[in-house]
Amino acid sequence: MPEPAAIAQPVATPLRIVVVDDNRDSADTLAVLLQMKGHAPRVAYRADEALALARDFVPHLMLVDLTMPDVDGFTLLYELRAIDALRDTTCVALSGHARASDLARTERAGFDDHLVKPVEMVVLDALLERVAHRIQRTP
C-alpha cells in the first residue's frame, strides 16, 4: 500500500478530468483520489451531464463507466468524439469486465484505454502520467 504522502504528491501539470459513473460512491471516491493527487476532477453521474460538463470543462481525460442506466459508455464515447473541442481528450473505459473480448470491444469503439474496476493505484498512476506527458507535448 502506498504511503499517504505518495498519494498526495503535487503534480507538475494538473489534469482536468471528468469521471462519469452512475455509481455515486465510486465516482466520488475516484474524484477525491484524483484531487488528492493534485488534479482537477469533475464528476457526472449521467451521460447528459457528462456531455455538458465536457463541453464546458474541456478535460484532458475522461474516465467513462460502460454500464449506465441512461446511455451506455459506448454511445457516450461516440457523442464525445463528435465534439471538435474534445478531439485531444483521452477517453478511457471503466468496467468491471476484463475479458479479452471486453478489451477488444472498447478498443474497436475508439476508447484510448480500458481500466478494470476496482482500478489499481499503479495502473491509474501510469495512465495519469501518460496523459500528462501527452499534453506537455501537444502545442
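The values are calculated or read from the model by the stated rules, or taken from the named source; none is laboratory data. Keep in mind that this is a model prediction, so the values were computed, not measured. Quick reminder, even Gly has a Cβ in these numbers, built from the backbone with ideal geometry, and neighbours come from all protein chains shown.
Descriptive notes on the structure:
- For segment 21-31, the criterion of a residue being under 19 Å from Arg130 (Cβ atoms) and either not in a helix (DSSP H, G or I) or not basic (Lys, Arg) (or both) is satisfied by at least one position.
- Per-region count, segment 1-22, residues surrounded by fewer than 15 Cβ atoms within 10 Å (Cβ to Cβ) and at pLDDT 70 or above: 3
- Test: residue in segment 72-93 that is buried (at least 17 other Cβ atoms within 10 Å of the Cβ), touching a residue at least 60 places away in the same chain (Cβ under 8 Å) and not hydroxyl-bearing (Ser, Thr, Tyr): no
- Set Leu61, Leu103, Leu53: member being without any contact (Cβ under 8 Å) to a residue 24 or more places away in the chain and in contact with a strand residue (DSSP E or B) (Cβ under 8 Å, 6 or more places away or on another chain): Leu103
- Residue match in segment 94-102 (condition: under 13 Å from the mean Cα position of the chain (by Cα), outside any helix (DSSP H, G or I) and surrounded by 14 or more Cβ atoms within 10 Å (Cβ to Cβ)): yes
- Positions within segment 103-118 being of a type outside the set (Asp, Glu), on the phi < 0 side of the Ramachandran plot and surrounded by fewer than 17 Cβ atoms within 10 Å (Cβ to Cβ), in sequence order: Ala104, Arg108, Val116, Lys117, Pro118
- Residue in segment 54-65 that is under 14 Å from Leu115 (Cβ atoms), of a type in the set (Val, Ile, Thr) and either at pLDDT 95 or above or not in a helix (DSSP H, G or I) (or both) present: yes
- Restricting attention to segment 28-55, the residues that are surrounded by 22 or more Cβ atoms within 10 Å (Cβ to Cβ) and out of contact with any helix residue (DSSP H, G or I) (no Cβ under 9 Å at 6 or more places or on another chain) add up to 0.
- The residues listed here are Asp112, Asp72; of these, the one that is among the charged types (D, E, K, R) and under 12 Å from the mean Cα position of the chain (by Cα) is Asp112.
- Filter result for Val58 (surrounded by fewer than 16 Cβ atoms within 10 Å (Cβ to Cβ) and within 13 Å of the chain's Cα centre (by Cα)): yes
- Qualifying positions in segment 107-122 - in contact (Cβ under 8 Å) with a residue 60 or more places away in the chain and of a type outside the set (A, V, I, L, M, F, W, C): Lys117
- Yes/no for Thr75 being over 17 Å from Ala27 (Cβ atoms) and either among the β-branched types (Val, Ile, Thr) or in a strand (DSSP E or B) (or both): yes
- Among the residues of segment 103-128, those that are closer than 21 Å to Thr29 by Cβ and part of a helix (DSSP H, G or I) comprise Met121, Val122, Val123, Leu124, Asp125, Ala126, Leu127, Leu128.
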